[in-house]
1. How about region 61-110: which of its residues are more than 18 Å from residue 235 (Cα to Cα) and among the acidic types (Asp, Glu)?
2. Output the number of the condition that residue 203 fails; it satisfies all remaining conditions of (1) under 30 Å from residue 160 (Cβ atoms); (2) outside any loop (DSSP other than H, G, I, E, B).
3. So the check is Cβ under 8 Å with 6+ separation or different chains; which pairs have a first residue in region 99-114 that's without any contact (Cβ under 8 Å) to a residue 12 or more places away in the chain and a second one that's part of a helix (DSSP H, G or I) and β-branched (Val, Ile, Thr)?
4. Where in region 50-98 are there strands (runs of 3 or more DSSP E), lying fully within it, with 3 or more residues that are among the hydrophobic types (A, V, I, L, M, F, W, C) and closer than 25 Å to residue 159 by Cα?
5. Of everything in region 229-245, what is surrounded by fewer than 19 Cβ atoms within 10 Å (Cβ to Cβ), touching a residue at least 12 places away in the same chain (Cβ under 8 Å) and of a type outside the set (A, V, I, L, M, F, W, C)? Give them in sequence order.
6. Would you say residue 210 is under 22 Å from residue 52 (Cβ atoms), in a strand (DSSP E or B) and among the β-branched types (Val, Ile, Thr)?
7. Out of all the residues in region 182-200, which are among the hydrophobic types (A, V, I, L, M, F, W, C), part of a loop (DSSP other than H, G, I, E, B) and within 13 Å of residue 231 (Cβ to Cβ)?
8. Can you give me the number of residues within region 180-198 that are more than 17 Å from residue 96 (Cβ to Cβ), out of contact with any Phe, Trp or Tyr (no Cβ under 9 Å at 6 or more places or on another chain) and polar (S, T, N, Q)?
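The values are calculated or read from the model by the stated rules, or taken from the named source; none is laboratory data. Only a predicted model underlies this, so the values are computations on that prediction, with no experimental measurement involved. Every residue, glycine among them, receives a Cβ derived from its backbone with ideal geometry; neighbour counts consider all protein chains shown.
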Amino acid sequence: MENGDNFNSTWRKVASTIYKKPADSKVFGAVEVDVTKLEKFISEKRKNGLKITLTHIFVLILAKAIKTDIPELNCYVKRGKIIHRNNIDAMVSVLQADSGMGSVMVHNADRLNLEQLASVLAGEIRKSRKGDENESMESKNILARLPWPFRKWLFRFYKTLTIDWGMSVPFLGLNSNSFGSFLLTNIGTLGLDTGYPALMPASNISFVFVLGGVKKKPVVVDDQVFIRRIMSLAIVFDHRLADASHGGKLLRYIKHMIKHPEEIEGK
(Lines give C-alpha, C1' and ligand atoms only; values in the text may rest on other atoms or scores of the structure.)
Protein backbone atom coordinates (compact mmCIF):
# COMPACT_ATOMS: atom_id res chain seq x y z
CA MET A 1 0.00 0.00 0.00
CA GLU A 2 1.23 3.50 -0.81
CA ASN A 3 2.14 5.83 2.01
CA GLY A 4 -0.82 8.12 1.26
CA ASP A 5 1.14 11.31 0.53
CA ASN A 6 -1.39 12.21 -2.17
CA PHE A 7 -4.03 12.46 0.53
CA ASN A 8 -2.01 14.80 2.74
CA SER A 9 -3.51 18.06 1.53
CA THR A 10 -3.04 21.29 3.46
CA TRP A 11 -6.33 20.82 5.28
CA ARG A 12 -5.76 17.14 6.05
CA LYS A 13 -2.43 17.98 7.69
CA VAL A 14 -4.11 20.67 9.76
CA ALA A 15 -7.10 18.47 10.64
CA SER A 16 -4.85 15.66 11.86
CA THR A 17 -3.21 18.21 14.13
CA ILE A 18 -6.14 20.06 15.65
CA TYR A 19 -8.81 17.36 16.01
CA LYS A 20 -8.78 14.74 18.71
CA LYS A 21 -11.26 12.32 20.24
CA PRO A 22 -14.33 14.39 21.25
CA ALA A 23 -14.36 15.31 24.90
CA ASP A 24 -16.07 18.69 25.09
CA SER A 25 -19.77 19.17 25.73
CA LYS A 26 -21.79 19.84 22.59
CA VAL A 27 -25.45 19.99 21.64
CA PHE A 28 -26.43 18.45 18.29
CA GLY A 29 -29.69 18.87 16.44
CA ALA A 30 -31.21 18.05 13.05
CA VAL A 31 -34.52 18.76 11.36
CA GLU A 32 -36.20 18.66 7.96
CA VAL A 33 -37.92 21.77 6.60
CA ASP A 34 -40.14 22.47 3.61
CA VAL A 35 -38.28 24.86 1.28
CA THR A 36 -40.75 24.73 -1.63
CA LYS A 37 -41.83 28.34 -1.20
CA LEU A 38 -38.28 29.47 -0.44
CA GLU A 39 -36.94 27.94 -3.65
CA LYS A 40 -39.67 29.75 -5.63
CA PHE A 41 -38.59 33.00 -3.95
CA ILE A 42 -34.97 32.35 -4.96
CA SER A 43 -36.04 31.49 -8.52
CA GLU A 44 -37.89 34.80 -8.85
CA LYS A 45 -34.88 36.71 -7.56
CA ARG A 46 -32.63 34.95 -10.07
CA LYS A 47 -35.03 35.77 -12.92
CA ASN A 48 -34.63 39.41 -11.92
CA GLY A 49 -30.84 39.14 -12.15
CA LEU A 50 -29.94 38.51 -8.49
CA LYS A 51 -27.81 35.36 -8.37
CA ILE A 52 -28.50 33.94 -4.93
CA THR A 53 -28.71 30.42 -3.53
CA LEU A 54 -29.94 28.76 -0.37
CA THR A 55 -26.54 29.56 1.15
CA HIS A 56 -27.16 33.31 0.81
CA ILE A 57 -30.64 32.95 2.27
CA PHE A 58 -29.53 31.02 5.33
CA VAL A 59 -26.52 33.27 6.03
CA LEU A 60 -28.94 36.18 6.22
CA ILE A 61 -31.58 34.28 8.21
CA LEU A 62 -29.04 33.14 10.81
CA ALA A 63 -27.44 36.56 11.14
CA LYS A 64 -30.80 38.28 11.61
CA ALA A 65 -32.01 35.60 14.02
CA ILE A 66 -28.98 36.27 16.20
CA LYS A 67 -29.55 40.01 16.01
CA THR A 68 -33.25 40.04 16.85
CA ASP A 69 -34.02 36.88 18.83
CA ILE A 70 -30.92 35.04 20.08
CA PRO A 71 -28.06 37.39 21.02
CA GLU A 72 -26.61 34.61 23.18
CA LEU A 73 -25.37 33.00 19.96
CA ASN A 74 -23.15 36.01 19.28
CA CYS A 75 -20.93 35.34 22.26
CA TYR A 76 -17.65 33.56 22.94
CA VAL A 77 -15.66 32.40 25.95
CA LYS A 78 -12.59 34.38 27.00
CA ARG A 79 -10.67 33.63 30.20
CA GLY A 80 -13.67 31.84 31.68
CA LYS A 81 -16.14 34.65 30.91
CA ILE A 82 -18.85 34.93 28.27
CA ILE A 83 -18.07 37.89 25.98
CA HIS A 84 -20.62 39.40 23.60
CA ARG A 85 -19.36 40.29 20.12
CA ASN A 86 -19.85 43.79 18.75
CA ASN A 87 -20.55 42.48 15.24
CA ILE A 88 -22.28 39.50 13.66
CA ASP A 89 -19.76 37.99 11.22
CA ALA A 90 -20.50 34.82 9.25
CA MET A 91 -17.87 32.30 8.20
CA VAL A 92 -18.99 30.45 5.05
CA SER A 93 -17.37 27.24 3.78
CA VAL A 94 -16.51 27.26 0.07
CA LEU A 95 -15.07 24.79 -2.39
CA GLN A 96 -11.61 25.85 -3.54
CA ALA A 97 -10.17 25.50 -7.05
CA ASP A 98 -8.19 22.40 -5.96
CA SER A 99 -11.43 20.78 -4.73
CA GLY A 100 -10.38 21.32 -1.12
CA MET A 101 -12.52 23.16 1.39
CA GLY A 102 -11.84 26.68 2.53
CA SER A 103 -13.82 29.47 4.14
CA VAL A 104 -14.54 33.16 3.67
CA MET A 105 -15.78 35.78 6.10
CA VAL A 106 -18.84 37.98 5.67
CA HIS A 107 -18.54 40.86 8.12
CA ASN A 108 -21.67 42.45 9.59
CA ALA A 109 -23.88 39.96 7.79
CA ASP A 110 -26.98 41.11 9.66
CA ARG A 111 -26.67 44.61 8.14
CA LEU A 112 -26.75 43.40 4.53
CA ASN A 113 -29.60 42.80 2.13
CA LEU A 114 -29.53 39.91 -0.33
CA GLU A 115 -28.00 41.96 -3.13
CA GLN A 116 -25.22 43.24 -0.88
CA LEU A 117 -24.61 39.78 0.56
CA ALA A 118 -24.38 38.23 -2.91
CA SER A 119 -21.83 40.85 -3.94
CA VAL A 120 -19.70 40.51 -0.78
CA LEU A 121 -19.73 36.72 -0.82
CA ALA A 122 -18.87 36.53 -4.54
CA GLY A 123 -15.97 38.92 -4.01
CA GLU A 124 -14.59 37.00 -1.04
CA ILE A 125 -14.85 33.69 -2.91
CA ARG A 126 -12.98 35.14 -5.91
CA LYS A 127 -10.19 36.41 -3.65
CA SER A 128 -9.98 33.07 -1.86
CA ARG A 129 -9.74 31.04 -5.07
CA LYS A 130 -7.11 33.42 -6.49
CA GLY A 131 -4.97 32.89 -3.41
CA ASP A 132 -5.69 36.20 -1.66
CA GLU A 133 -6.04 34.39 1.62
CA ASN A 134 -7.71 35.64 4.73
CA GLU A 135 -5.97 35.37 8.07
CA SER A 136 -7.40 31.97 8.93
CA MET A 137 -6.35 30.50 5.58
CA GLU A 138 -2.87 31.98 5.88
CA SER A 139 -2.37 30.55 9.35
CA LYS A 140 -3.69 27.17 8.14
CA ASN A 141 -1.07 27.08 5.38
CA ILE A 142 1.71 28.02 7.80
CA LEU A 143 0.64 25.18 10.08
CA ALA A 144 0.49 22.69 7.21
CA ARG A 145 4.03 23.50 6.06
CA LEU A 146 5.53 22.51 9.41
CA PRO A 147 6.66 18.88 9.87
CA TRP A 148 5.11 16.61 12.43
CA PRO A 149 5.18 16.96 15.45
CA PHE A 150 6.10 20.67 15.28
CA ARG A 151 2.77 21.68 13.78
CA LYS A 152 0.99 19.95 16.68
CA TRP A 153 3.11 21.85 19.19
CA LEU A 154 2.49 25.14 17.39
CA PHE A 155 -1.24 24.55 17.31
CA ARG A 156 -1.33 23.76 21.01
CA PHE A 157 0.66 26.93 21.70
CA TYR A 158 -1.68 29.00 19.51
CA LYS A 159 -4.81 27.46 21.06
CA THR A 160 -3.51 28.01 24.59
CA LEU A 161 -2.73 31.66 23.88
CA THR A 162 -5.88 32.60 21.97
CA ILE A 163 -8.68 30.23 22.99
CA ASP A 164 -7.65 29.37 26.57
CA TRP A 165 -5.93 32.58 27.67
CA GLY A 166 -7.68 35.09 25.41
CA MET A 167 -4.48 36.61 24.04
CA SER A 168 -3.53 37.63 20.49
CA VAL A 169 -0.98 36.30 18.01
CA PRO A 170 -0.04 39.54 16.19
CA PHE A 171 2.16 38.05 13.46
CA LEU A 172 -0.80 35.91 12.32
CA GLY A 173 -3.46 38.50 13.07
CA LEU A 174 -5.33 35.98 15.23
CA ASN A 175 -7.05 36.29 18.58
CA SER A 176 -9.84 34.65 20.55
CA ASN A 177 -12.47 36.22 18.25
CA SER A 178 -10.96 35.74 14.79
CA PHE A 179 -13.42 33.34 13.18
CA GLY A 180 -16.71 35.16 13.36
CA SER A 181 -19.99 34.39 15.09
CA PHE A 182 -20.85 31.13 13.34
CA LEU A 183 -19.88 28.84 10.48
CA LEU A 184 -22.28 27.80 7.72
CA THR A 185 -21.52 24.97 5.30
CA ASN A 186 -23.68 23.70 2.44
CA ILE A 187 -22.93 20.00 2.05
CA GLY A 188 -26.01 19.55 -0.10
CA THR A 189 -24.02 20.97 -3.02
CA LEU A 190 -21.60 18.06 -2.55
CA GLY A 191 -24.37 15.47 -2.88
CA LEU A 192 -24.79 14.78 0.84
CA ASP A 193 -28.27 14.64 2.36
CA THR A 194 -27.29 15.57 5.90
CA GLY A 195 -24.27 15.88 8.17
CA TYR A 196 -23.30 16.13 11.82
CA PRO A 197 -20.73 18.90 12.14
CA ALA A 198 -17.84 19.40 14.52
CA LEU A 199 -17.14 22.66 16.31
CA MET A 200 -13.92 24.19 15.04
CA PRO A 201 -11.42 23.58 17.86
CA ALA A 202 -9.30 26.52 16.75
CA SER A 203 -12.17 28.99 17.03
CA ASN A 204 -14.62 30.45 19.50
CA ILE A 205 -17.70 30.27 17.28
CA SER A 206 -20.92 29.39 19.10
CA PHE A 207 -22.31 27.04 16.46
CA VAL A 208 -21.81 25.34 13.11
CA PHE A 209 -24.83 25.14 10.79
CA VAL A 210 -25.14 22.59 7.98
CA LEU A 211 -27.37 22.78 4.91
CA GLY A 212 -28.09 19.32 3.55
CA GLY A 213 -29.59 18.12 0.31
CA VAL A 214 -33.04 19.01 -1.02
CA LYS A 215 -35.33 16.21 -2.16
CA LYS A 216 -38.95 15.73 -3.15
CA LYS A 217 -40.91 13.99 -0.39
CA PRO A 218 -44.58 13.34 0.39
CA VAL A 219 -45.80 15.68 3.14
CA VAL A 220 -49.14 15.82 4.94
CA VAL A 221 -50.68 19.32 4.81
CA ASP A 222 -54.20 19.78 6.23
CA ASP A 223 -54.74 16.01 6.13
CA GLN A 224 -53.77 15.84 2.47
CA VAL A 225 -50.60 14.44 0.97
CA PHE A 226 -48.52 16.72 -1.27
CA ILE A 227 -45.12 16.37 -2.89
CA ARG A 228 -42.88 19.08 -1.42
CA ARG A 229 -39.24 20.10 -1.57
CA ILE A 230 -37.68 19.05 1.74
CA MET A 231 -34.27 20.10 3.03
CA SER A 232 -32.31 18.73 6.00
CA LEU A 233 -30.66 21.10 8.45
CA ALA A 234 -28.18 20.20 11.18
CA ILE A 235 -26.44 22.19 13.89
CA VAL A 236 -23.95 21.80 16.72
CA PHE A 237 -23.76 24.32 19.58
CA ASP A 238 -20.99 25.08 22.02
CA HIS A 239 -22.78 23.98 25.19
CA ARG A 240 -20.91 26.59 27.20
CA LEU A 241 -22.87 29.25 25.32
CA ALA A 242 -26.12 27.65 24.27
CA ASP A 243 -28.49 24.79 24.95
CA ALA A 244 -31.60 23.21 23.46
CA SER A 245 -33.78 26.24 24.23
CA HIS A 246 -31.63 28.42 21.99
CA GLY A 247 -31.89 25.79 19.28
CA GLY A 248 -35.66 25.90 19.61
CA LYS A 249 -35.72 29.68 19.23
CA LEU A 250 -33.50 29.48 16.18
CA LEU A 251 -35.63 26.78 14.55
CA ARG A 252 -38.83 28.78 15.10
CA TYR A 253 -37.23 31.80 13.48
CA ILE A 254 -35.98 29.73 10.53
CA LYS A 255 -39.37 28.08 9.96
CA HIS A 256 -41.11 31.44 9.96
CA MET A 257 -38.68 32.93 7.46
CA ILE A 258 -38.79 30.05 5.00
CA LYS A 259 -42.58 30.34 4.99
CA HIS A 260 -42.39 34.14 4.63
CA PRO A 261 -39.19 34.78 2.59
CA GLU A 262 -40.36 38.27 1.69
CA GLU A 263 -39.61 39.23 5.33
CA ILE A 264 -35.97 38.08 5.28
CA GLU A 265 -34.55 41.47 4.37
CA GLY A 266 -37.02 43.45 6.45
CA LYS A 267 -36.02 42.54 9.99
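1. 98, 110
2. The number of the failed condition is (2).
3. Hits for this filter: zero, empty list.
4. Values: elements: 75-78, 81-84, 90-95.
Where strands (runs of 3 or more DSSP E) fall fully within region 50-98 and carry at least 3 residues being among the hydrophobic types (A, V, I, L, M, F, W, C) and closer than 25 Å to residue 159 by Cα, they are 90-95.
5. 229, 239, 240, 243 - these are the residues of region 229-245 that are surrounded by fewer than 19 Cβ atoms within 10 Å (Cβ to Cβ), touching a residue at least 12 places away in the same chain (Cβ under 8 Å) and of a type outside the set (A, V, I, L, M, F, W, C).
6. On the way: under 22 Å from residue 52 (Cβ atoms): yes; in a strand (DSSP E or B): yes; among the β-branched types (Val, Ile, Thr): yes.
Yes; evaluated as a whole, the condition is true for this residue.
7. Restricting attention to region 182-200, the residues satisfying the condition of being among the hydrophobic types (A, V, I, L, M, F, W, C) are 182-184, 187, 190, 192, 198-200.
With the extra rule that they be part of a loop (DSSP other than H, G, I, E, B), the set shrinks to 192, 198-200.
Residue satisfying the conditions is 192 alone.
8. Final tally of qualifying residues: 1.
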